[in-house]
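Since the structure comes first, as structure tokens, the remarks are kept for the end.
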Amino acid sequence: MSEAGHANGKITSVLSEQRVFLPPPDFQKKAHVSSLDAYSKLRAHAADSETYWAAEARERLSWFQDFDQVLKWQAPFAQWFVGGKINASYNCLDRHVEAGRGDKTALIWEGEPGETRRYTYSQLLEEVCRCAQAIKQLDITKGDRVTIYMPLIPEMLIAVLACARIGAPHSVVFGGFSAEALASRNNDAQAKLMITADGGYRRGNIVPLKENVDAALPHSPSVKNVLVVKRSGHIDRSTWHQERDHDWHEMLAAQEPFCPAEPLDSEHPLFILYTSGSTGKPKGILHTTAGYLLGATSSFHYIFDHREEDIFWCTADLGWITGHTYVAYGPLANGATVLMYEGAPNAPDPSRFWKIIERHKVSILYTAPTAIRAFIKWGDEHIDGHDLSSLRLLGSVGEPINPEAWTWYHSKIGGGRCPIVDTWWQTETGSIMISPLPGATPTIPGTATRPFFGIDVDVVDKHGVSVPDNTGGFLVIKKPWPSMLRNIYGDPERYEHTYWSHIPGMYFTGDGARRDSHGNFWIMGRIDDVLNVAGHRLSTMEIESALVSHPAVAEAAVVGKPDEIKGESICCFVTLEAKTQPSELLKQELRQHVAEQIGALARPDEVRFSDSLPKTRSGKIMRRLLRDIAAQRSSVGDMTTLEDFGVLERLRAEDEENA
Ligand code: WT7
């Protein structure tokens, strides 16, 4: 364990792991950007960001019609590539087939029970066309919203690209969300169609997706039709609603395998993706076609240093932004071969990932620190004996990676020869904002290093003034970028307030950070009431409202508590209604209640009953105090990121003052 302290907000000591890892010479020689000097030159060149992005847009994307204005910025509302016509599905599929690469493998998929399926680019295009035709037949036209609630099977990717093809914005809801959460997302987006499956596999169990859909739809009447893939086979078709439910396989088989990709305006909405904010209601993050696709395509090319022969595996589910950008759009727009795995990392046992890498010769692995920490806990014996020599590059995303996990990942999984890209970004940023370039950037465990080309990030105080090196402050982005969110669906005021009002003129990320004297950014974590539990973003207020919706609960306050594997765990302080007696049974009931309201991913780790909650004179719950109480009882472990909590608390206090 290293020592840390802070005086006047200044961090006075450093992390234990300060070794600098240079890009391995073999990797560097072949890399797209092969020296720090080359990175710096390109970065300086990209400082004229509009000129830079215009050139990237014309080089990396195929347009039906060129744009005539790069950026129209009516702060805080951006329009990129105005006047252009483009289609994301065309860019991910048709153009590769037209260029004679139709026989290249686009997708290798493994189901949790063990089956494998492969699709070439031509085959994937054909399926996407059939699906697009089918959803048109179900009354979906350009602009209509479609909810996708599926297991991670090829049909999920096909559905996403089919929506993009006809200009129907998709709203993917992760399969771990409950019927309640699904209904509220359907309602917010006013979705007309749902695409789902009967069930998916998770650690040998069946996730009852269709049952959840059936429970959600009476509460979300905008949905008129449901297209159902048969995956688990656990439900009888006689339970289907004959008017409403349609069989994916029958419908797709009956379609022509052609469907032209609709030429869409650059700013046509591509998707909505719900994410938790600091208030109770999830935000529908809206991304549009050209700018988002450019961010995905360009970042994938440079940061994963993509080569024609790579087998790329991003372990995220398509239900999250990481899956949207680095399972679907980024790799496919680059003509990459994508690996997709349906299930859990420990199904049937903790060697599953390493078997997959060995079997399919995965060359790039992109996963989350929480998974890495779980692998460490499960033991090296599950890795030993597997041939991981196909790997050439490793990535990390979702939360700060502690140096212990970084060095283990580097030596045990990467065999000491693979660079690691620790990538910082958010649902809202659409694509990676801060990351090493693997052939160029010296890395130090724990820092996401430097900003990507054309991205203007800074660490500032509450007035928007840059803070000195090695001082904690707010992480902001100072200039619009192509893949930035365009709005919160249906709520422009909340968009302005959440992202552009804290520090006027700058995009507020909600993260605390500091920059070292080499220009490396060290991300410290959220400064708002957002938790990061196993790489999943959860709102404390959302969990609190779930708790108080239970008749026994009078008041609730939810805070994050440091957790060795998950980064943070969910700790709830609850006061009960007058006549209710606290009991172990009630604790279990409340945990289950939250899981039903939001989803199993939000199930509290700990419920503590209390006679009252600590409050300020104005009646605000003192979360800082509760966080301290929660943390003190925890076994702190060796998570170096904990060192930053003191600074985080100070930033949180400043943010509360601003609010
Ligand atoms: C939050 C965004 C798009 C990434 C997946 C999660 C945290 C993300 C890192 C990183 C430190 C990170 C931040 C951010 N985060 N990547 N490399 N180092 N923190 O997307 O659900 O929108 O969450 O995840 O706190 O704000 P998300």
Pairing a residue in segment 426-449 that is more than 24 Å from residue 41 (Cα to Cα) with any residue that is acidic (Asp, Glu) and away from the ligand (no atom under 13 Å from the Cβ), where Cβ atoms lie under 9 Å and the two sit 6 or more apart in sequence or on different chains, gives 445/17; 445/404; 446/17
Note on segment 446-468: residues within 15 Å of the ligand (Cβ to nearest atom) and in a loop (DSSP other than H, G, I, E, B) are 446, 447, 448, 450, 452, 455
Does residue 537 qualify as being under 18 Å from the mean Cα position of the chain (by Cα), basic (Lys, Arg) and not in a helix (DSSP H, G or I)?
yes
Requiring at least 1 residues that are within 16 Å of the ligand (Cβ to nearest atom) and β-branched (Val, Ile, Thr), the strands (runs of 3 or more DSSP E) wholly within segment 305-389 are 364-367
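For residues that are under 23 Å from residue 180 (Cα atoms) and assigned to a strand (DSSP E or B), tally how many sit in segment 574-593.
Here is the first cut: in segment 574-593, the residues under 23 Å from residue 180 (Cα atoms) are 574, 586-593.
Next, only the ones that are assigned to a strand (DSSP E or B) stay: 574.
The number of residues fulfilling the criteria is 1.
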Selection from segment 282-304 of residues away from the ligand (no atom under 12 Å from the Cβ), in a helix (DSSP H, G or I) and farther than 29 Å from residue 182 by Cα yields 294, 297, 298, 300, 301, 302
From the option list 118, 145, single residue qualifying as touching a Pro at 6+ places or on another chain (Cβ under 7 Å) and either farther than 21 Å from residue 335 by Cα or surrounded by fewer than 21 Cβ atoms within 10 Å (Cβ to Cβ) (or both) is 145
Residues in segment 402-428 that are assigned to a loop (DSSP other than H, G, I, E, B), hydrophobic (A, V, I, L, M, F, W, C) and either modelled with pLDDT under 95 or more than 12 Å from the ligand (Cβ to nearest atom) (or both) total 1
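Going by the conditions given, is residue 431 within 16 Å of the ligand (Cβ to nearest atom), of a type in the set (Gly, Ala, Ser) and in contact with a Gly (Cβ under 9 Å, 6 or more places away or on another chain)?
Details: within 16 Å of the ligand (Cβ to nearest atom): yes; of a type in the set (Gly, Ala, Ser): yes; in contact with a Gly (Cβ under 9 Å, 6 or more places away or on another chain): yes.
Judged against the criteria, residue 431 is a match.
Rundown of residues vs (1) surrounded by fewer than 19 Cβ atoms within 10 Å (Cβ to Cβ); (2) under 24 Å from residue 441 (Cβ atoms); (3) touching a residue at least 24 places away in the same chain (Cβ under 8 Å), yes/no style:
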{"residue": "265", "(1), (2), (3)": "no, no, yes"}
{"residue": "271", "(1), (2), (3)": "no, no, yes"}
{"residue": "281", "(1), (2), (3)": "yes, no, yes"}
{"residue": "308", "(1), (2), (3)": "yes, yes, yes"}
{"residue": "314", "(1), (2), (3)": "no, yes, yes"}
{"residue": "320", "(1), (2), (3)": "no, no, yes"}
{"residue": "338", "(1), (2), (3)": "no, no, yes"}
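Just checking, how many residues over segment 434-443 are near the ligand (Cβ under 9 Å from one of its atoms), assigned to a loop (DSSP other than H, G, I, E, B) and surrounded by fewer than 24 Cβ atoms within 10 Å (Cβ to Cβ)? Walk me through it before giving the result.
Going through segment 434-443, the residues near the ligand (Cβ under 9 Å from one of its atoms) turn out to be 434-435.
Among the residues that remain, those that are also assigned to a loop (DSSP other than H, G, I, E, B) are: 435.
From the residues that got through so far, the ones that are surrounded by fewer than 24 Cβ atoms within 10 Å (Cβ to Cβ) too are none.
Qualifying residue count, segment 434-443: 0.
The values are calculated or read from the model by the stated rules, or taken from the named source; none is laboratory data. Note that the coordinates shown come from a computational prediction; the quantities given were computed from them, not determined experimentally. Neighbour counts are summed over all protein chains in view; Cβ atoms, including those assigned to glycine, are modelled from backbone coordinates with ideal geometry.
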